[in-house]
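The values are calculated or read from the model by the stated rules, or taken from the named source; none is laboratory data. Keep in mind the model is a prediction, meaning the values are calculated, not measured. So basically every Cβ, Gly included, is an ideal-geometry build from the backbone, and we count neighbours across all protein chains shown.
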Amino acid sequence: MLVAMIVGAEIAFWVVLALGLLARYGLRTPRLGGALLLAVPLVDLFLLTATFLDLRGGGEAGTAHGLAAIYLGVSVGFGHQIIKRMDAWAAHRFAGAPRPVKPAKGGPARARYEAAQFGRHLLAWAVGSVLLLLGIWYVGDAGRTEALLHLVGLWALILVIDGAVTAYDVAGALRNRNRGGEPSREAGSAPRAEEASGRR
């Protein structure tokens, strides 16, 4: 039952987001569109309430409850970025706004992007872990919450691995400062030399 609610929450997230963008740019009603986009977090609130009500019913806190906490954490960590990105693409497609800029392939800009993405993962982990620990405390029975405690440790391990990968990617981006369309000094000097010879 709870797994179906998680799937339903994911579907509802995209449906409400699509309706908000449609109202803002398709129907030209920015107030309605903005209200719908602000309502997206209500989907998470519904799932959170349903999860704790299910725990209150006395059932075992299993993997489904843990997945609900993870989903909510990821939604907090990455939800705003997803909404902002989709809004930018809709504005470009239907309102003539500039095309959204893709992340740089190298250099300090790429390093900042990778660090920001890890920061979002860190926030998602923090929120999700707090919810998992609250679930353990709420049930108050270690025998019924082993799955939640296991997920706390597993996600912490994944976060550490992601942090190591991010550090490697940041170091690589800083080593390749001229990737992603940033011209190097050598590349920039050739046209100037040709222009000078042409003037002669």
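Only one of (1) without any contact (Cβ under 8 Å) to a residue 40 or more places away in the chain; (2) closer than 30 Å to Gly140 by Cα fails for Ile6. Which number is that? Of (1) without any contact (Cβ under 8 Å) to a residue 40 or more places away in the chain; (2) closer than 30 Å to Gly140 by Cα, only one is false for Ile6: (1).
Screening Leu37 with (1) surrounded by 15 or more Cβ atoms within 10 Å (Cβ to Cβ); (2) under 29 Å from Arg144 (Cα atoms) gives one miss only, at (2). What are the residue pairs meeting all of these: first residue in the stretch 143-165, first residue free of Cβ contacts under 8 Å to residues at least 40 places away in the same chain, second residue part of a helix (DSSP H, G or I) and of a type in the set (Val, Ile, Thr), Cβ atoms under 8 Å, and 6 or more apart or on different chains? Filtered contacts from the stretch 143-165: Leu149/Ile136. If only residues of the stretch 1-26 that are closer than 20 Å to Gly66 by Cβ and crowded, with 16+ Cβ neighbours inside 10 Å are counted, the one that is modelled with the lowest pLDDT is Leu2.
Restricting attention to the stretch 140-149 and to residues that are farther than 16 Å from Ala126 by Cβ, among the aliphatic types (A, V, I, L, M) and surrounded by 14 or more Cβ atoms within 10 Å (Cβ to Cβ), the residue that is modelled with the lowest pLDDT turns out to be Ala147. Restricting attention to the stretch 1-44, the residues that are of a type in the set (Lys, Arg) and in a loop (DSSP other than H, G, I, E, B) add up to 1. The residue that is nearest to Trp137 (Cα to Cα), counting only those in the stretch 42-58 that are among the charged types (D, E, K, R) and buried (at least 17 other Cβ atoms within 10 Å of the Cβ), is Asp54. Criterion first (surrounded by fewer than 18 Cβ atoms within 10 Å (Cβ to Cβ), modelled with pLDDT of 85 or more and within 20 Å of Gly128 (Cβ to Cβ)) does Gly66 satisfy it? The answer is no for Gly66. Candidates Ala111, Ala68, Ala61: the one that is in contact (Cβ under 8 Å) with a residue 40 or more places away in the chain, touching a Leu at 6+ places or on another chain (Cβ under 8 Å) and either at positive phi or not in a helix (DSSP H, G or I) (or both) is Ala61. One residue stands out in the stretch 88-108 among those that are small (Gly, Ala, Ser), touching a helix residue (DSSP H, G or I) at 6+ places or on another chain (Cβ under 8 Å) and not in a loop (DSSP other than H, G, I, E, B): the one that is farthest from Leu22 (Cα to Cα), namely Gly107.
When the residues of the stretch 150-172 are filtered to those that are modelled with pLDDT of 95 or more and of a type in the set (Gly, Ala, Ser), the one that is nearest to Ala126 (Cα to Cα) is Ala156.
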